[in-house]
Amino acid sequence: DTAAGDNAAIGYTAAEGLILTGQGSTSDITFKNDADTTVFSIPTGTDDVLFPDNAKVMFGAGSDLQIYHDGTDTQIDNNTGTLIVRSAGAGTIEFRDQGSQVLAQFNDNSDVKLYHNNNEKLATTSTGVDVTGNATFADDGKAIFGAGSDLQIYHTGSASYIDDAGTGN
């Protein structure tokens with residue numbers, strides 16, 4: 001698929017192994033399948049690898065892990081076992097929105113924090129959970145305190161109760 005004046009080369013060096021180079025106006029290298037459909041490309045002058053929508057990067061003998069973009073959403077499909085995300089050493093794993101606001105933060109051997117509009121709202125601690133702001137419970141939910149559920153606060157939908165040690169008081 002080359003035209004006059006196109007530059008392409010395949011080479012080999014002991015230090016670099018197989019080398020494939022190209023010079024195009026849009027992509028330096030384009031890989032296509034036998035249907036002449038682009039599988040992936042390397043844009044001119046970059047070190048990026050571009051995959052078209054719905055092209056999957058698959059890992060494992062049974063293509064167990066798949067990463068792709070469907071044109072609207074980005075998908076990570078794990079079809080076996082547990083998907084494990086690790087951070088080296090005393091690292092932190094953060095989920096952020098496109099504007100870099102923190103959504104969730106997981107700190108190695110420490111706390112987990114959940115955020116709303118970049119403000120910390122819920123954090124685990126060595127003794128339990130810290131809540132910043134209000135905690136809202138469904139009508140049939142209970143706030144339970146004490147190792148023996150000694151104090152319960154709840155609302156039935158029509159009445160509110162504070163139950164101290166099961167006395168109903």
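Please determine, by comparing only the residues of the stretch 108-156 that are in contact with a strand residue (DSSP E or B) (Cβ under 7 Å, 6 or more places away or on another chain), more than 30 Å from G91 (Cα to Cα) and of a type in the set (A, V, I, L, M), which one is most open to solvent (accessible area, probe 1.4 Å).
I144
Tally up the residues in the stretch 27-61 that are closer than 25 Å to D77 by Cβ, open to solvent by 50 Å² or more (accessible area, probe 1.4 Å) and hydroxyl-bearing (S, T, Y), please.
2
Filter the stretch 143-169 down to residues that are more than 24 Å from T127 (Cα to Cα) and of a type in the set (S, T, Y) and give me whichever is modelled with the lowest pLDDT.
Applying the filter and picking the extreme gives T167.
Are any residues in the stretch 92-107 open to solvent by 80 Å² or more (accessible area, probe 1.4 Å) and assigned to a loop (DSSP other than H, G, I, E, B), and if so, which ones?
Passing the criteria: only Q98.
Looking at (1) within 30 Å of D130 (Cβ to Cβ); (2) surrounded by 11 or more Cβ atoms within 10 Å (Cβ to Cβ), which one does D64 not meet, given that it meets all the others?
All conditions pass for D64, except number (1).
Is it the case, given these coordinates, that A143 is in a loop (DSSP other than H, G, I, E, B), over 30 Å from R86 (Cα atoms) and of a type in the set (A, V, I, L, M)?
No; evaluated as a whole, the condition is false for this residue.
The values are calculated or read from the model by the stated rules, or taken from the named source; none is laboratory data. As the structure is a prediction and not an experimental result, all values here were calculated from the model. Because the Cβ atoms are built from the backbone with ideal geometry, glycine has one as well, and the counts that use them run over all protein chains shown. Side chains included, ligands, DNA and RNA excluded: accessible areas come from the protein's heavy atoms. Shrake-Rupley method; radii C 1.70, N 1.55, O 1.52, S 1.80 Å.
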